[in-house]
Each structure stands twice: as C-alpha cells, then as structure tokens.
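This report concerns only the one structure given below.
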Amino acid sequence: MAADPRHNSRRLYEGPDRAVARSMMKAIGETDESLARPQIGIAHCWIGTMPCNWNHRELAALVAQGVREAGGTPLEVNTVAINDAITTGTEGMKTSLVSREVIADSVELVARGHMFDGIVTISGCDKTIPAMAMVLGRLNIPGTMLYGGSIASGRCTQEGGLFSGRTLTVQDVYEAVGAYTAGRITEAELRDVEDHACPGAGACGGQFTANTMATAYQMLGISPMGTNDIPAGHADKAAAALACGRLAVDLVRQGLTPRAIVTRESFENAIAGVMATGGSSNAVLHLLATAWEFGIPLDLDDFDRISRRTPIIADMRPSGRYTAPEMHAAGGMAVVGKRLMEAGLLHPEARTVTGLSLGDEIARAPEPAGQTVIRPVTDPFKSEGGLVVLRGNLAPGGAVMKVSGQTKRLHRGPAKVFEREEDAFAAIRDGRIVPNDVMVLRNEGPRGGPGMREMQLVTGALQGSGLGEHVALMTDGRFSGATRGFVIGHVVPEAFEGGPIAAIRDGDTVTIDVDARRLDVALSNDEIARRLAGLPAPRPAYTRGVLGKYARLVADASRGAVTDWDSGPV
C-alpha cells in the first residue's frame, strides 16, 4: 500500500470540523492548496548569542524553498541553544547539556501538536546536533538532519609569538588563556588570538564535539553523506539545504521513517567514524542518548570494543594538524568511510536517508589527489581509536578517556581534590598543581552539577601552562571536544550519588592504566565504604526550575544522561 504523504496533517486540516485550524493558518498566508500538501516542519536553532547557529535562518529559508519545489508546505520552528565555549568555566555552563533535552522536547512538542508529516532538523552548536537527531528517533516521522557547518579557521596578525602561524580554532583561545596565566605570552598576544580565532558563522572548527557529531550522524545514515562536511560559509551549503528540503518531501511520499533506516549496525558505523577521526568524548554520551531514542540497545562496552579495532586515520585537531574545512577539502567523511570499508570495519549494507546504502554513498564519493588529511588504514596515526572506556574501584559504572593525542599509557600520582571547576582553575593559576598530580574534579556530574559541565577552562589552562603532558585529570563531569591531555571524564557513579570518587582525599594515590582499562585508587573496598558512610548527604545545587527538574530526572552518564530512562525504551 502506498504511503499517505499527509498521514498526520490530514487529521488536522481536512473536513468541515477543521475549519478553525484552516482559518488560523490562512491568517499567516496559507491557502487551501498549501494546506492540502504534505506539511514539513523545519526546526532550527537560530539564536543571537553565538556564531554556531548564525546561518540557520538562511538555511531554513533554503530548505523551505526545496520543500516547496518538491510539492510540500514548509512550517518553520525555532528553538533555544546554549554555547559551550561562551559559558565554560561559569555557572552558565550547567545549562548546556540540559539544553539537549529542552531542544528535543520543544521540537517534539511542536511536531506532535501541529501534526507534521515530515521534518528537517537544522543543527549547529554542540547540543543542538544530538538533540535534533534524538527527536528524529523519538517522533519517527520521515525526516533528515542538516548541520549548519564548521566555522572557518583564523590567523594571528602578529609575528613571532607562541600562536603565530597557527591555523586558529577556539581551542587556541583556551590554551592562550592558560599561556597568558602562566606568563608565556603577553596580553597583546592573547588579544590577537581572541580577535582572530573565530572569523565568522559556524561551529568550532576542529574535530571537536560539533563536527564529531555531525560526521557521526552521516555515518549513522540520518544526514546525507557529505552535506554536514560542508563548512558554514562554503558556496555549496545552499545547494545542500535545498536538497534536504526536497529529500524530506520524498521521504514522506515513500513513508520512510528514521527507525526504518537506523539499525544497530548503523550505530556501530557511527562509532567507527568517531574513533577513526579522533572525535570528542561527548560522542559516547550523545550516541548513547540517540540510540535510546531509536530504541536500539547500546552501551559503553560497544565503544571500547569498536575503538580497539578501529585505527585513527584522520589528522584532525585538537590532537592533529587539520581543521574541519580542510577535512571537507580532502573529501570529508566519505573518504574516511571508504578507508574503513576497505578494511572491513564498517557495515556497508546499512541504509541511509538517501535510499542508498552507506557503502554505495561512500563508493561514489571522489577523493582529491594528494590530500594529506586522511591516511590509509595500513598507515594510521594510531592503531586503535581515540576513546577508551575505563573501569575500576573509582569507576565501577565506567568512565571515558580520550587518547587520540596521547602516547602515555600509565599515570600514577597523588590526588588533589576539587569540588568545583573554578577552584581547580585557581589552583593551576596559583601554581599549586605540579607534575605527576592527579586532579580530581567532582560534584560536576549530571545530577551533582547539575548538568555535567565541561572542564575545558581547566584543561586549557593545563595545556597553556605546559602541564598538559605531566598532570592527569579525572571528573564526573565531561570535557569539550577541543580537550587534549591525560584526562578522564563521565565517571560513574558520580560523587552526588555516592560514587567512590566522593571518597578520594588529597594525597591518595590514583592510577590510570590505559592498557588495562583501569581507574583505581589505592584504597581497600572497606576503606572506600567507610569514608562514603561518613559523608553528609549531598544537597542539590538547584531544587526548582529547569535545573532542579533536570537533576531529579537525569540518568547517569553511562546511560547517555537522558531524562526519561525510567519510562523504558520506546
């Protein structure tokens, strides 16, 4: 039986009893003809607080044009966004991960309430990307996601400084702050980096969280291969947006829904793409949440298993040399996929939103001659992927470590414990952190923060001060995709829930063993239990409003920090 392209909106706009609905829509320019077409939502995150989503209104207009050309009626939806880089190191950063749920919830509400037949979601900054993917699985109406694209890279204007000659990204601003604090650069050099690292619209330009997730969702199959690679300011972005609008109408006519496309194998492809590009540790959190919304089982061990077999083949910032626009010029994620497919590390038969298999999409993509961004699998940058999962007496529920830029495999040292990121930053600034220390940042988890702040202010300070290779850092919070260093996040259980991380005291010996996948403190189980029993009950930082509500509902990081875990899979 042919799919009904108006499977939802017909109930909203047809028949004499729906005259009020039609009348309201005619007030904003719709007609009997336009209301008789498939109704396609276009959900985006334009907001005047950041560059990451600055082009969303332009892209939404182009998507709408494509929808009309294909015979549908576009309906624009706008929602919120929080910028991680702007809010990092402040109380405002606690809202960032929370926004992922708010964005998904708000788009879901409008799509259900106004009974869209299909949808195009447009994403940009870090949390908008997983949110706009999660809502596709949650709604399960025909649709696709378009990423607004990476920002261009910048250059300093002064010559001879520490950052002179670099291809700048926001990562360099973080590290410049640390370098200035350590007296390694002048205030004028810091301002030069600040003024030129972010030259226009688009999300942060390395294989940080935004580009990691945008490329992963191409491998997952819900974004057409190649469209998310295109930078925000590139001339080809307009054509990609038009094509997404046309595609949405075509998907509605086929009746092809996201859950009919995405499978367990699709998620394994997405994880392989993250590992091969040295992607952000936030990918673990967001892919777990996305799999939950699609009703597909996925857990931490899947990430470690795939990482062990997947080499890093893309030379991407923050650990490598190249930015996202340079990755696009080298052929983008399709070339990474081609390498993985040739090595038998992908499921090429997995479906994609275009109707082609992932293998077919990859096979038809060109590779520019002489590109140096993406290596053959036989000559990788590293033989294993960029993320590992640790367990031990400090993280019985798991922890995530990014190793793409690391050669060190073992660190053992005395703990220095901090209850807030700001206090840890002050310790680095004041010279109280020395080589071999293990910084422990706790009460920054999903519930304890709440909101699981990124520790980028601290990691940037460590790198800028020259301590990045000599100090370890562990937290029940998380890290920016721009982070590099010997750092472990997503420690479960978190301190607020009585996890062993709450028992650590200054001077305790902590061992991080990458090869053994262990994170341990030199304490007996009895001593850990004794210390935990002696702690006062934690008090929530927020009890009302959106942060209070989030803290009551959120699951732990090993379950993707979703807020409806108790409801069971859908």
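Per-peptide packing, taken as the mean over residues of other Cβ atoms within 10 Å, places 154-160, 434-440 in the sequence 434-440, 154-160 from highest down. Note: relative contact order over the chain, using C-alpha pairs below 8 Å and six or more positions apart, is 14 percent.
Accessible surface calculations at 1.4 Å, restricted to protein heavy atoms, place segment 149-262 at 34 Å² per residue. Taking Cβ separations below 4.7 Å as the criterion for a possible disulfide partner, the isolated cysteines in the chain are C45, C156, C198, C204, C244. Taking the chain as the region of interest, the number of lysine pairs whose Cα atoms are within less than 25 Å, with members eight or more places apart or on different chains, is 14.
First check a/c for segment 278-363, with a ≥ b ≥ c the square roots of the eigenvalues of its C-alpha gyration tensor; if it is under 1.5, answer rounded, and if not, answer prolate when a/b is larger than b/c or oblate otherwise. Taking the square roots of the gyration eigenvalues as a ≥ b ≥ c, segment 278-363 is oblate.
Across segment 23-33, coupling constants 3J(HN,Hα) worked out from phi with the 6.51/-1.76/1.60 Karplus curve, θ = phi - 60°, read 4, 4, 5, 5, 5, 10, x, 6, 10, 4, 5 Hz, and Gly and Pro carry x.
As a fraction of the 1.4 Å probe accessible area of the chain, surface on carbon and sulfur atoms comes out at 53 percent. Once a ≥ b ≥ c are taken as the square roots of the eigenvalues of the Cα gyration tensor of segment 240-393, is the result rounded (a/c under 1.5), prolate (a/b larger than b/c) or oblate (a/b not larger than b/c)? Here segment 240-393 falls in the oblate category. Each of the peptides 286-295, 15-24, 449-458, 411-420 was scored by the mean count of other Cβ atoms within 10 Å over its residues; in descending order, highest first, they stand as 449-458, 286-295, 411-420, 15-24.
Taking every DSSP helix (H) stretch of at least 4 residues in the chain, weighting each as -39,500 (n - 2.57) and dividing the sum by the residue count yields a mean residue ellipticity at 222 nm of -11000 deg cm²/dmol. Only one of [x] 24.9; [y] 27.4; [z] 26.1 was calculated from the structure for mean projected area of the Cα convex hull in nm², and its label is [z].
In terms of its Cα atoms, segment 483-542 spans 35, 31, 19 Å along the principal axes, sorted from long to short. Solvent-accessible surface of segment 421-568, taken per residue with a 1.4 Å probe and all protein chains present: 38 Å². Amide H contacts for L387 (H built 1.01 Å from N in the peptide plane; partners 5 or more residues away or on another chain; cut-off under 5 Å): V403. Reducing segment 469-523 and segment 273-321 to their Cα centroids gives an inter-centroid distance of 19 Å. Proximity of backbone amide H atoms, modeled 1.01 Å from N, is registered between I42 and L75, E76, V77, V120 at under 5 Å, excluding neighbours fewer than 5 places apart on the same chain. Coupling constants for segment 461-474 follow from the phi torsions by the Karplus curve (6.51 cos²θ - 1.76 cosθ + 1.60, θ = phi - 60°), and in residue order they are 5, 4, 5, x, 8, x, 9, x, 8, 10, 10, 9, 9, 10 Hz; glycine and proline get x.
Along segment 139-146 the Karplus relation, 6.51 cos²θ - 1.76 cosθ + 1.60 evaluated at θ = phi - 60°, assigns HN-Hα couplings of 6, 6, 9, x, x, 8, 10, 10 Hz to successive residues, with x for each Gly and Pro.
The values are calculated or read from the model by the stated rules, or taken from the named source; none is laboratory data. What you see is a predicted model; the values in this text were computed from it and never measured. As a convention, Cβ positions derive from the backbone with ideal geometry for all residues, glycine included, and neighbour counts pool all protein chains shown. Ligands, DNA and RNA are stripped out before the accessible areas are found, and what is left, the full protein with its side chains, is counted by its heavy atoms. Shrake-Rupley method; radii C 1.70, N 1.55, O 1.52, S 1.80 Å.
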